[in-house]
1. Whether any residue in segment B:77-84 is surrounded by 19 or more Cβ atoms within 10 Å (Cβ to Cβ) and not aromatic (Phe, Trp, Tyr) is what I want to check.
2. List, please: which pairs have Cβ atoms under 7 Å, are six or more places apart or on different chains, and start with a residue in segment A:2-21 that is closer than 11 Å to B:Leu9 by Cβ and end with one that is open to solvent by 40 Å² or more (accessible area, probe 1.4 Å)?
3. From the residues in segment A:134-165 that are of a type in the set (Asp, Glu) and out of contact with any Gly (no Cβ under 6 Å at 6 or more places or on another chain), which one is farthest from the other protein chains (Cβ to nearest Cβ)?
4. Go through segment A:1-119 and tell me which helices (runs of 4 or more DSSP H), entirely inside it, have 3 or more residues that are over 30 Å from A:Ser216 (Cα atoms) and touching a strand residue (DSSP E or B) at 6+ places or on another chain (Cβ under 9 Å).
5. For segment B:48-64, enumerate the residues that are of a type outside the set (Val, Ile, Thr) and within 14 Å of chain A (Cβ to nearest Cβ).
6. Please work out which one of (1) open to solvent by 20 Å² or more (accessible area, probe 1.4 Å); (2) part of a helix (DSSP H, G or I); (3) among the small types (Gly, Ala, Ser) is the condition A:Ser177 fails and give its number.
7. Pick from segment A:141-151 the residues that are out of contact with any helix residue (DSSP H, G or I) (no Cβ under 6 Å at 6 or more places or on another chain) and in a helix (DSSP H, G or I): which of them is modelled with the lowest pLDDT?
8. Of all residues in segment A:2-12, which are of a type in the set (A, V, I, L, M, F, W, C) and open to solvent by 80 Å² or more (accessible area, probe 1.4 Å)?
Amino acid sequence: MNRFYVVLAGVAVVLAIGTFTMLKSDGGGASAAATGAPPTVVDDGFRGYSLGQGDAPIEITEYLDFECPVCASFDVIQMPTIKEQLINTGKVRWRYRDYPLPNHRYSRFSAHAAQCAGAQGRFFEMLDQLFHNHQWAQTGKDPSRLFRDLAKTAGLDLNAYDQCMEEGRYAQRIEFSRQEGDQLLVNGTPTFFANGKQLNFRRLPTSDDFKAVVDSIIAQSPPKPRTAPARN
Amino acid sequence: MRYRQAIALLALVGLFVALYLWLHALGLGGPLKCGTGGCDTVQASQYAVLFGVPVAFYGVVGYLAILVVALVALRPAALLEPKWNQLLVGLATVGVLFTAYLTYLELFVIHAICRWCVGSAVVITAVWIVALVSLRSPAIRTDPAASPPPPDPRA
């Protein structure tokens with residue numbers, strides 16, 4: 001009997017040391033290059049990924065922050081209807097621009113994850129993953145491992161994703177988008193523009209609000225000339 | 001006695017697995033050591049919290065309860081009492097049912113597998129099986145009728 005308690009105590013000590021060791025090691029984490037603001041900014045000509053037909057009469061630009069819970073809520077609840085009623089019907093082309101807020105620790109990192117997914121042609125899949133699994137934004141914990149899981153689910157090549165994140169390849173592009181938002185007087189997320197004109201809603205807009213805006217613009221103005229490809 | 005010792009050891013292992021996940025859920029330490037598994041996906045899902053408390057905490061409480069009961073049942077005075085085996089079966093059954101529910105969520109709702117959760121599922125299943133086997137093991141009989149007859153003084 002006494003021998004059993006010695007064994008039990010020994011196992012407890014080994015497990016306690018193992019648990020402590022695992023908790024203490026950080027195991028990598030979010031790369032600084034993808035998390036912080038870059039020292040310099042260049043315009044690479046990129047103006048955001050967009051959904052919809054190139055000849056849609058209305059272009060709505062959304063400035064978003066992936067860590068913003070309202071942006072996530074809007075994407076999860078309102079966007080499916082907006083896609084069905086406005087984008088898929090050819091009335092609207094929807095453009096996504098980054099506007100990482102300074103009070104969000106992993107805004108740039110998540111925007112960067114989406115850009116690295118975009119480099120593999122899977123921006124929208126990653127956007128869905130980031131917004132549909134948005135609990136990461138409420139924990140304050142390093143989400144780098146989770147984002148790798150999400151990237152895998154979104155169908156990304158993880159080696160290319162890791163390299164892109166480690167380099168911080170799109171940090172300047174994200175900062176350029178943020179500065180562009182500043183110039184347009186974006187002061188929160190999500191902020192929307194319809195054909196370049198800022199939309200001011202008194203609350204988080206619904207798909208019905210956008211339908212009303214679109215119907216109003218179509219009724220008042222001639223269609224926008226064809227200029228851009230359907231999706232980039 | 002061997003069954004109760006085995007249950008105590010298994011519960012101790014399960015306790016530390018749950019403790020690691022719980023401390024991580026509280027924000028202690030870095031990312032989960034999970035290899036290529038989906039631990040962070042599972043931990044970040046809405047199902048990782050139940051009634052405002054991380055699910056792993058229920059694991060800590062459950063394994064601690066099983067460990068304490070198993071140790072109490074190992075006291076010399078309790079060794080002959082089958083009620084402890086029944087209590088261990090009851091606790092392990094609750095644990096197995098809860099684990100089955102969580103595994104269902106991982107496979108069919110979250111679509112990600114947490115290796116630590118699988119480890120915990122293996123441990124609680126083993127506890128349950130050992131507890132069930134202990135119920136079937138022959139109890140030590142202490143009633144006079146079952147005692148060996150006294151030696152014959154005429155012999």
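The values are calculated or read from the model by the stated rules, or taken from the named source; none is laboratory data. Keep in mind the model is a prediction, meaning the values are calculated, not measured. FYI the Cβ positions are ideal-geometry reconstructions off the backbone, even for glycines, and counts take in every protein chain you see. Just so you know, the surface numbers come from the protein's heavy atoms only, side chains and all, with ligands and any DNA or RNA stripped out. Shrake-Rupley method; radii C 1.70, N 1.55, O 1.52, S 1.80 Å.
1. So far as segment B:77-84 goes, no, none of its residues is surrounded by 19 or more Cβ atoms within 10 Å (Cβ to Cβ) and not aromatic (Phe, Trp, Tyr).
2. Between residues of segment A:2-21 that are closer than 11 Å to B:Leu9 by Cβ and residues that are open to solvent by 40 Å² or more (accessible area, probe 1.4 Å), the close pairs are A:Leu8/B:Leu9; A:Val11/B:Leu9; A:Leu15/B:Val13.
3. Taking segment A:134-165 as the starting set, the residues that turn out to be of a type in the set (Asp, Glu) are A:142, A:149, A:157, A:162.
Narrowing further to those that are out of contact with any Gly (no Cβ under 6 Å at 6 or more places or on another chain): A:157, A:162.
Details: A:Asp157: 14, A:Asp162: 13 Å.
The residue in question is A:Asp157.
4. Working: elements: A:2-24, A:32-35, A:69-73, A:79-82, A:107-119.
Because the criterion is at least 3 residues that are over 30 Å from A:Ser216 (Cα atoms) and touching a strand residue (DSSP E or B) at 6+ places or on another chain (Cβ under 9 Å), the helices (runs of 4 or more DSSP H) in segment A:1-119 that meet it are A:107-119.
5. So in segment B:48-64, the residues of a type outside the set (Val, Ile, Thr) come out as B:48, B:50-52, B:54, B:56-59, B:62-64.
The answer is B:Ala48, B:Leu50, B:Gly52, B:Pro54, B:Ala56, B:Gly59, B:Tyr63, B:Leu64.
6. Tallying (1) open to solvent by 20 Å² or more (accessible area, probe 1.4 Å); (2) part of a helix (DSSP H, G or I); (3) among the small types (Gly, Ala, Ser), A:Ser177 fails exactly one: (1).
7. Among residues in segment A:141-151 that are out of contact with any helix residue (DSSP H, G or I) (no Cβ under 6 Å at 6 or more places or on another chain) and in a helix (DSSP H, G or I), the one modelled with the lowest pLDDT is A:Ser144.
8. A:Val6
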